[in-house]
């Protein structure tokens, strides 16, 4: 379970894992929510619990993995297209490059990041680091 909150040490809103909160302190000062904060937008644009500016993500999965990718909703904006060779192309619009990159890594060699270039580079760096760890 997560909640969105304001931590004095940070300027922006943060996503907090409720089970990691060790102490709470009730203060006399009142909290006034920012009227510009749109919880529905926050929920729709984040891939997981970390919100960042959304990006257009295009992934291609091997044909043998297509049924497993299709069986779940990974993000509300996801769209699928089966390619001529049987691979599955998945597109979605979300923020949270750290979480998206880690989720992509779960698929190993069964997925290729097509767009955006910065996410492709991030996953490439993670894969090279993984190779170094197993030498």
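Computed from the coordinates by the stated procedures, all read-outs in this text should not be read as laboratory data. Note that the structure is predicted; figures quoted are calculated from it, not measured.
How far is helix 97-106 tilted, in degrees, relative to the longest principal axis of the Cα atoms in the chain, given as a value from 0 to 90 rounded to the nearest 10?
40 degrees
Nearest 5 is fine: what % of DSSP beta bridges in the chain come out antiparallel, could you say?
95 percent
Taking volume of the Cα convex hull per residue in Å³ as the quantity of interest, determine which of (i) 102; (ii) 180; (iii) 156 was computed from the displayed structure.
(iii)
From the Cα gyration tensor of region 2-44, with a ≥ b ≥ c the square roots of its eigenvalues, which class applies: rounded if a/c is under 1.5, or else prolate if a/b is larger than b/c, or else oblate?
oblate
Below 8 Å, C-alpha to C-alpha, sequence gap of six or more: please give me the relative contact order for region 2-44 in percent. Don't skip to the answer; put the middle values down first.
Working: 21 pairs, mean separation 10.8, N = 43.
It rounds to 25 percent for region 2-44.
Relative to the longest principal axis of the chain, what angle (0 to 90°, nearest 10) does the C-alpha long axis of helix 117-133 take?
80 degrees
For Cα pairs less than 8 Å apart in space and 6+ apart in sequence, what is the mean separation divided by the residue count of the chain, i.e. the relative contact order in percent? Mind dumping the intermediate values first?
Working: 167 pairs, mean separation 29.7, N = 135.
Taking the mean separation of contacting Cα pairs over the length of the chain, I get 22 percent.
Subtract the Cα-Cα distance of residue 118 and residue 10 from 0.36 nm times their separation in residues, and report this length gain in nm to one decimal.
Separation in residues times 0.36 nm, less the Cα-Cα distance, equals 36.3 nm.
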